[in-house]
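Just below is one structure, and these are the notes that go with it.
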Amino acid sequence: MSARDLVAWLALALWLAGCAAPPVPAAPPVDPAQTIIFYNGPIVTMDPHQPTAEALLMRGEKIEAVGGAAEVLALQTDDTRLVDLGGLTLMPGFVDAHTHVLNDARSLGMSLDEAQMLALRNGITTLGDLYVDEPFYREIQAFNAQGALRVRASLYMVLTDPCGHVQGDWYQRYPADHTPGRQLRVEGVKLFTDGGTCGGVALSFELEPGAGEGDLWNTQAEVNQLVAEAQAAGYQVAIHAIGDRAVEQAQAALAAALAGGPNTYRHRVEHLSVLRPEQITRFGELGLVPVVPGQYPACTPFGPPVPEPYHAWEWPWRDLRSANPGLPIAWHSDYPYWSINPLVHLYGFVTRNDVQNYYTCPPGAWLRDDVLTTSDALAIMTINSAYALFRDTEVGSLEAGKYADLIVMSDNPLTVPADDLRRLSVLATMAGGRWEWCNPLNAAVCPGYVARTPAPLPDPRPPVAVRWLGLALAVIVPLGGALSLGRAAWRRGLVAVSAPAAVLGGAAWAAAWAGQAWVGDTNVAWLGLTAGTLLALAALGLAAAERPTRLGWAGVLLAGGGAVLLAAGTVASGWWQLDEGWLGLILGLLLHLLGLIVYGLANLLARRRTFAHWLPLLMGVAAGIVPFVGSSLDNNSRWPAYVLGLGVGGGWVLLGLWLARRWQAARVGDRIKAILSPINPEQAHD
């Protein structure tokens, strides 16, 4: 490979790195003078002082009047748009107090814009994102800075991860902010007390004999300290607690932090799948906010059922409501773990039936009567959830002075039979006075709506022709290098190119593995192609320079072949989205590491013990054994990927520098020999 070829490779890599979707266009500003009056349809306000109304006037971003049709219509001016609902129902947008639709967007194959559109199409105008690490915080801040965020989002910074590991005090660099009106703001921190996502739910009984009672991740003293530190820094605390032992720990920690004072921080406890009777009343005594789902997993159970003696402890939402009048119980979809459709949860609150596609599934007999009224369920899913997010003065009900975050429903949930709740649909969604979604069949109720297609995830894939060319080069270039080993002139060229190939290939390898672990969403297809091809060349060049033993040759062939397979596998899995590509990637990785180990052992057996001769053995062992040992001890740690990336990539960079030094020394030596060589006798005679 010539210098020109290397420059072409670098240009291709830079071009691929720059592939990205166009930026999401900023939301157009809402005309402060726009006025709309909705009438001729039931209006469910969720305002306890005026539960229903006949008409609503909004101006600009906010609601200006709600009341009887005659009094509101009397406020119209020449510029007022009248929207005849035609019997359709107007109500506040749903408020999802705990979801992962934004932070899990990429893993679900969506961009942030597509994820928020999914929420808006389902009538969710305000949400709490309950798993915010620093990379995602930067991503969503940049998204909001573009003016592209159209849902109101409250962020909860990760204090402990799903396996209970403390993430440090990084969150304190981003203070909590409850300032009304901000589209995006940090609300609090999130910590996990028991399993569910990782490990088992902490119960005071066994779900089945020998299963154990689940996992509490930290001691009571440790949780107390974490909660106290977060509260002292001004953060609301949201605690994941599924089992009753976890709820006990969460309540005790929050009680210790509040020290008998009122819960002005609005501390929350999430999920609460199993509650003992005394824990139900404890929520009211402490003023803690319970955040619960409505969709009971009857169609797709998460595990064994609760044993009969503990049936009354499972999902006791009616008891929680009746034992604590006035306590704001909030709702979460916890999407993607539950449905993002609020109507599935509303149906679940009121009937306890589950919905899977077109089927309904009843719960166990002990839960069928433990239901809520539709009115209570709607309050949980709107104004109460807004309270949990410190946004109850902004949204959650249709009142004068609040933002015009509203939805148009196909029918009135307060009047349809309970079994028909799951058949309701959201026909239009408005957020802050702007129509964000409208069913084309009901365009008359959405004046001024402009349909848009949300911006997709950036596509890092180059054109198909370039992908095929890249795969061909990944195979042909190293193969050509292997064939050149039989020719002295080509061998010298291969030795010469081995140094830059090792340095650039090692850097690409490190960026692919360690970079992915750090950033979390780095596309490694082009990096894998670059690393695999160049390291295959580097391995061949190393062999040409060192002339290894037969065992060393076996190691070189394994390392080079594994690198080629690694390149092909990353291209197939990353660019072509083929599941089989992962097999090639993993097999290539293992062969490459095995080749390094074999080559290093061959050098030791041949008594070649300089730094560069034993380095491949160290690279292969560190990157092959250490991560496996580390991952078996801690499935949630990122450091094995760092070892894999920096161990092999950094090692190849060092080998490349060593080869460059040897190659330069050899060239200088040849020149000195030429100068000092005896003068040709014929030249002397002349």
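If you take all other residues with their beta carbon under 9 Å from the beta carbon of residue 120, and give Lys and Arg +1 and Asp and Glu -1, the sum is +1.
Around the Cα centre of the range 381-442, unit charges on the Cβ atoms of Lys, Arg, Asp and Glu (plus for the first two, minus for the last two) sum to a dipole of about 100 debye.
Sorting 167-180, 230-243 by their mean Cβ neighbour count within 10 Å, with the most densely packed peptide first, gives 230-243, 167-180. When each of 38, 283 is scored by the number of other beta-carbon atoms lying within 10 Å, the sequence from fewest to most is 283, 38. All other residues whose Cβ lies under 12 angstrom from that of residue 339 are scored, Lys and Arg at +1 and Asp and Glu at -1, for a net of -2.
Fewest neighbouring Cβ atoms within 10 Å first, the residues 610, 374, 52 line up as 610, 52, 374.
Values in this text are rule-based calculations from the coordinates and carry no lab data. Quick caveat, the model's predicted, so the values are computed rather than measured. No Cβ is skipped: glycine too gets one built from the backbone with ideal geometry, and neighbour counts run over all protein chains shown.
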